[in-house]
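To keep things clear, I will list the structure first and then write my remarks on it.
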Amino acid sequence: MLLGADAEHVDSVVVDASPSHRLATFRPLEAFGSTVDKEPAGSIPALYSRANVRAMLGAGLGWLSYRLYSELSVQDWHWNPRGSFSAGDRGYWTSNAVPKPASIDDSYQYALAHSGFTTDQGDSNAYSRLDDGDPATYWKSNPYLTSRYTHESDALHPQWAVVDLGTSRPVNDVRIAWGNPYATAYALAYWTGSDAMGDPGHGAWEPFTLHGAPVKARFVRVLMTRSSNTCDTHGAGDPRNCAGYAIREIAIGRTDASGFTDYVHHVPGRTQSLTYVSSVDPWHTAASRVGYQEQPGLDLIARSGLTRNAPATYPVPMLYSTPENAVAEVRYLLARGYPIRSIELGEEPDGQYVTPEDDAALYVQWSRAIAAAAPNLKLGGPVFSGANDDVQAWPDAAGDVSWLHRFLGYLRSHRALDELSFFSFEHYPYDGCEHAAKLRKDLENEPALMRHITGIWRGDGLPPDIPMYVTEANFSAVNFTQVPMQIQGGLWLADYFASALSNGVSGVVYYQYEPVPLSRNKQCPADWGNLTMFVADRSARIRATNAQYRAAQMLAQQWVVPGNQPHELFRATSSPALSAYAVHRPDGTWSVMFVNKDVSARTVAPTFAGMGGTAAFGGAVTEVTYGSAQYEWHAGGAASYASPNRPPLVQTIPAAATYSIPAESITVLRGNVVPTKGE
């Protein structure tokens, strides 16, 4: 580590320009992208005003990745508000695939009637029916994970419910009020590790029997392997009503001479005991529309200009929807003539605690249904939530805890690996309250972290011919982190984009385009920020751009030739405090981007090897710098602002042996390369 290096130190930066050592070839508009997502109800027209769209496009980013928040919130997505339920105003929903003259500008999420989650990865505004104290409600598993739809034994897709008692308690009694369909074969177990849900790779489920000596347990699981196939309260008119498992209420505790002590808190809402389930039946009603947020309409996004009329990545709902709804969405997009880059199936199954075999079984059903309607589309997933290490699951019979390894294994064993056209994951590497030394350390770690996680995916068995994409990312998953507003957020963005491409990722995105206002970070209340490139007011009027906006411009408009011509990426000497990324541009020039995370300026001596000798910049060199001299964030709650807030400094300088890279900056040097003297 060379933080605070003195001015006499010179960093020798060698670009390995040998054509055989090229890291990648990429096209900027296909490699650099951004995202759109759900927003508060009623805000979409203002967010996507013409002025805002122009500002968003000004960042220079290309492909668009549409995010699907409904999956995180255990909801179904009515991507077209027009459509029909399977039974009047309730049942299983399919949006209308036939375009109408009216544009779809808003779309909506619907809460599921039979959820078994106390909390979720979204807004956690629902609750579990397993312990809500109401005998008329029930959790029900997803019928698409039964043999009727998977065409394999239900024992290969056991469904489960887990109760977290909060602390280890003596347990010898579990009381289940079954609904229809009920389990005719099930087993009880307790977790031997520390956290069954947060750390599933370290521990095991230990079977236990009732009414014997109590076992000390915090997490208790009911595992169901055979169903009665009796119909639930919605009747026998739809076979999905009669598939899977249903539980009305579950009690876990201890029975002794004084009677039964129930450790489960049975109330609707967040004070109930935490419960988790393997899946949820997507059955819901027209009355369950979520009223506090909306997804931007497909037509609004495709026609706004944000896609640059280029192919975009669209999601289809999978975990909490039906294949028919997904196919209808694809048919709609094709009927409208919107270019499709790829289709993501579902979103963040690891965050929903879906087992890899279950997710893969759904993936196969959805992919084959879509392929029957549109055989040439590229389909992919599984869209992991931000992970810094291998995503793990409970050990299988062979002791394998790697989620991706098992997911790929299922696809391979079902002759479906060729149906995975790309692998996608999200990247939110850090906490939301970084400051000072911790923040600088995180910035230094980003390239190594990206190298590590991409290596993990390939090590899990992802074939080299299946491309990787980051389809959602920012510094932290905490929406209101201050870092994206600071110069450090810009440094991170440049490092993340370039290091991902250097490590085999074919396309990366920034989250999120929309100009949302500053908000307080609950974890560190003095910090106000958001995941956005803008400083905007509550009416979505943009007041200023921030550091990540300028960082995107440095990448897309300075490091590379703007547009979509091919660029060749080569390795350059880097250190934790000073990253370097070199591209051979289609105009014949070389461009080296330096990301200086040091609080002091660095002096660099760039040379080029592998060109028949040593070479260096010659003639005039364009130097573009954006850093702490151009931008400084001033924290002040809702009134926080940046000053100065200037665009990058562009100047033409004569080639030299060394160049000064300002403190906390992104600097691009570009020009022609000539052999050094003596070669």
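Taken over region 472-510, the residue count meeting the criterion of being under 24 Å from residue 435 (Cα atoms), of a type outside the set (A, V, I, L, M) and not in a helix (DSSP H, G or I) is 10. Just one of the listed residues (229, 180, 241) is touching a residue at least 24 places away in the same chain (Cβ under 8 Å), touching a Cys at 6+ places or on another chain (Cβ under 8 Å) and over 25 Å from residue 132 (Cβ atoms), namely 229. Just checking, how many residues over region 398-445 are assigned to a helix (DSSP H, G or I) and either among the polar types (S, T, N, Q) or in contact (Cβ under 8 Å) with a residue 60 or more places away in the chain (or both)? Qualifying residue count, region 398-445: 5. Does region 206-224 contain at least one residue that is over 33 Å from the mean Cα position of the chain (by Cα), assigned to a loop (DSSP other than H, G, I, E, B), at positive phi and not charged (D, E, K, R)? Within region 206-224 (the criterion being over 33 Å from the mean Cα position of the chain (by Cα), assigned to a loop (DSSP other than H, G, I, E, B), at positive phi and not charged (D, E, K, R)), the answer is yes, since at least one residue qualifies. Here residue 556 passes the criteria (1) among the aliphatic types (A, V, I, L, M); (2) assigned to a loop (DSSP other than H, G, I, E, B); (3) in contact with a Gly (Cβ under 6 Å, 6 or more places away or on another chain) except the one numbered (2). For region 569-596, the set of residues classified as touching an Asp or Glu at 6+ places or on another chain (Cβ under 6 Å) and among the charged types (D, E, K, R) consists of 571 only. Is there a residue in region 76-91 that is part of a strand (DSSP E or B), without any contact (Cβ under 8 Å) to a residue 24 or more places away in the chain and not basic (Lys, Arg)? For region 76-91, residues part of a strand (DSSP E or B), without any contact (Cβ under 8 Å) to a residue 24 or more places away in the chain and not basic (Lys, Arg): present. Here is the figure for region 225-256: residues that are over 35 Å from the mean Cα position of the chain (by Cα) and of a type in the set (Asp, Glu) total 1. In the set 113, 46, 102, only one residue is in a helix (DSSP H, G or I), of a type in the set (A, V, I, L, M, F, W, C) and over 30 Å from residue 571 (Cβ atoms); that residue is 46. Beta carbons closer than 6 Å, at least 6 apart along the sequence or on distinct chains, pair a first residue in region 265-288 that is among the acidic types (Asp, Glu) with a second that is crowded, with 24+ Cβ neighbours inside 10 Å for 281/114; 281/140; 281/142. Only one entry of 65, 70 meets the criterion of being under 30 Å from residue 499 (Cβ atoms), assigned by TED's automatic domain parsing to the domain that holds residue 322, surrounded by 24 or more Cβ atoms within 10 Å (Cβ to Cβ) and hydroxyl-bearing (Ser, Thr, Tyr), and that entry is 65. Of all residues in region 84-102, those satisfying the criterion of being surrounded by fewer than 20 Cβ atoms within 10 Å (Cβ to Cβ) and either under 20 Å from residue 243 (Cα atoms) or more than 28 Å from the chain's Cα centre (by Cα) (or both) are 84, 85, 86, 87, 88, 89, 90, 98, 99, 100, 101, 102. Note on region 259-294: residues that are surrounded by fewer than 16 Cβ atoms within 10 Å (Cβ to Cβ) and among the hydrophobic types (A, V, I, L, M, F, W, C) amount to 4. Note on region 253-273: residues that are out of contact with any Phe, Trp or Tyr (no Cβ under 9 Å at 6 or more places or on another chain) and not in a strand (DSSP E or B) total 7.
Does residue 125 satisfy the criteria of being in contact with an Asp or Glu (Cβ under 9 Å, 6 or more places away or on another chain), surrounded by fewer than 23 Cβ atoms within 10 Å (Cβ to Cβ) and among the polar types (S, T, N, Q)?
On the way: in contact with an Asp or Glu (Cβ under 9 Å, 6 or more places away or on another chain): no; surrounded by fewer than 23 Cβ atoms within 10 Å (Cβ to Cβ): yes; among the polar types (S, T, N, Q): yes.
No, not satisfied.
The rows are residues; the columns are (1) touching a helix residue (DSSP H, G or I) at 6+ places or on another chain (Cβ under 7 Å); (2) over 24 Å from residue 475 (Cα atoms).
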| residue | (1), (2) |
| --- | --- |
| 407 | yes, yes |
| 412 | no, yes |
| 426 | no, no |
| 430 | yes, no |
| 434 | yes, no |
| 440 | no, no |
| 443 | yes, no |
| 446 | yes, no |
| 452 | no, no |
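The criterion of at least 2 residues that are more than 20 Å from residue 424 (Cβ to Cβ) and in contact with a strand residue (DSSP E or B) (Cβ under 6 Å, 6 or more places away or on another chain) is met by the following strands (runs of 3 or more DSSP E) wholly inside region 274-369: 274-277, 293-296.
If a residue counts only when it is under 28 Å from residue 347 (Cβ atoms), which strands (runs of 3 or more DSSP E) contained entirely in region 122-199 have at least 1 such residues?
Numbers: elements: 159-171, 173-178, 183-191.
Passing ranges, in order: 159-171, 183-191.
Test residue 569 against the criterion of being in contact with a helix residue (DSSP H, G or I) (Cβ under 8 Å, 6 or more places away or on another chain), at pLDDT 95 or above, surrounded by fewer than 24 Cβ atoms within 10 Å (Cβ to Cβ) and not β-branched (Val, Ile, Thr), and give yes or no. Here the answer is yes, as residue 569 does meet what is asked. Assessment of region 374-384 against the conditions (in contact with a Phe, Trp or Tyr (Cβ under 7 Å, 6 or more places away or on another chain), assigned to a loop (DSSP other than H, G, I, E, B) and charged (D, E, K, R)) yields at least one matching residue. When 107, 70 are screened for being within 18 Å of residue 295 (Cβ to Cβ) and either assigned to a strand (DSSP E or B) or over 25 Å from the mean Cα position of the chain (by Cα) (or both), only 107 passes.
The values are calculated or read from the model by the stated rules, or taken from the named source; none is laboratory data. Source: prediction; values computed, not measured. Note: ideal-geometry Cβ built from the backbone for every residue, glycine included; neighbour counts use all protein chains shown.
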